[in-house]
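Presented below is the structure to which this report refers.
The values are calculated or read from the model by the stated rules, or taken from the named source; none is laboratory data. Fair warning: this is a prediction, and the values are worked out from it, not measured in the lab. All Cβ positions, even for glycine, are placed from backbone atoms using ideal geometry, and neighbour counts span all protein chains on display.
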Amino acid sequence: MTQSRSRQGGFTLIEISVVVIILATISAMSLFAINQAFDRRYKSQADNLLVWLNQLSDQAALEAVPYGVMGNPDDPERVVRSLQVVAYYRQHWFPVTYPEAFSMEKGARVEWVVSASSDYDDSYGSSDMDDEDTLIPVIALMPDGYMEPRAEMILTFESSPITFKYRWDDETAAMTMLRISQ
């Protein structure tokens, strides 16, 4: 006579532990990959801004026309969503369609830090600038290969601690970028 043992179907504690460890490892690796993708996206936006600023400087030198950069707030909260290009002609700044404006991605924020020792003439207070339609750029890229005023541009993102700083390098006559992790 043969005895048959009936065995209940199920998983052992070791099998369940192995599956949990495998799932935790896969989740951690995918979270790391997602974070890297976001960092690459921010770095790409910062690199594109650097290229745009240097192309604008080159365009100023080629055409012998000063080009300015100003924020173009698109919403009532005055958040800058794009950087507008203006050109200097006959004592006034005029908006131009080429080079095109630089569109910021959602959550990106640009600030300018202008040094107090700059020789840049702040024309906001002058009597001929009372018209509210008068355009005043934050920075001007001159055809002679320099930028006025001596300013530093800071690019930040709402969902990232990474900050990018842009400043003018007199030796290379170009904008440079520095990545700062906070």
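Among the residues making up segment 158-174, those that are under 13 Å from the mean Cα position of the chain (by Cα) and either part of a strand (DSSP E or B) or charged (D, E, K, R) (or both) are 158, 160, 161, 162, 163, 164, 165, 166. Among the residues of segment 134-157, which ones are within 19 Å of residue 59 (Cβ to Cβ) and outside any strand (DSSP E or B)? Result: 135, 137, 138, 142, 143, 144, 145, 146.
Close Cβ contacts (under 8 Å, 6 or more residues apart or on different chains) running from residues in segment 102-124 that are more than 15 Å from residue 72 (Cβ to Cβ) to residues that are assigned to a strand (DSSP E or B) and at pLDDT below 85 comprise 120/114. Each residue in segment 36-46 was checked for being within 14 Å of residue 157 (Cα to Cα) and out of contact with any Asp or Glu (no Cβ under 9 Å at 6 or more places or on another chain), and 6 of them qualify.
Taking the residues in segment 79-100 that are hydroxyl-bearing (Ser, Thr, Tyr) and either crowded, with 17+ Cβ neighbours inside 10 Å or under 19 Å from residue 112 (Cα atoms) (or both) as candidates, determine which candidate is nearest to the chain's Cα centre (by Cα). Give the steps one after another, and end with the answer.
Start the filter on segment 79-100 by keeping residues that are hydroxyl-bearing (Ser, Thr, Tyr), which leaves 82, 88-89, 97-98.
In the following step, the residues that additionally are either crowded, with 17+ Cβ neighbours inside 10 Å or under 19 Å from residue 112 (Cα atoms) (or both) were identified as 82, 88.
On the way: 82: 10, 88: 25 Å.
Result: 82.
The strands (runs of 3 or more DSSP E) falling completely within segment 9-97 that include 3 or more residues that are without any contact (Cβ under 8 Å) to a residue 60 or more places away in the chain and closer than 30 Å to residue 161 by Cα map to 80-89.
Kindly provide the set of residues from segment 135-151 that are in contact with a Ser or Thr (Cβ under 8 Å, 6 or more places away or on another chain), more than 16 Å from residue 55 (Cβ to Cβ) and in contact (Cβ under 8 Å) with a residue 40 or more places away in the chain, ordered by number.
Step one: filter segment 135-151 for residues in contact with a Ser or Thr (Cβ under 8 Å, 6 or more places away or on another chain), giving 136, 141, 145, 147-151.
Cutting the leftovers down to more than 16 Å from residue 55 (Cβ to Cβ) gives us 136, 148-151.
136 - this is the single residue of segment 135-151 that is in contact with a Ser or Thr (Cβ under 8 Å, 6 or more places away or on another chain), more than 16 Å from residue 55 (Cβ to Cβ) and in contact (Cβ under 8 Å) with a residue 40 or more places away in the chain.
Restricting attention to segment 155-178, the residues being hydrophobic (A, V, I, L, M, F, W, C) and surrounded by fewer than 15 Cβ atoms within 10 Å (Cβ to Cβ) number 1. Close Cβ contacts (under 8 Å, 6 or more residues apart or on different chains) running from residues in segment 167-182 that are in contact (Cβ under 8 Å) with a residue 12 or more places away in the chain to residues that are part of a loop (DSSP other than H, G, I, E, B) comprise 168/146; 168/150; 170/146; 173/145; 173/146.
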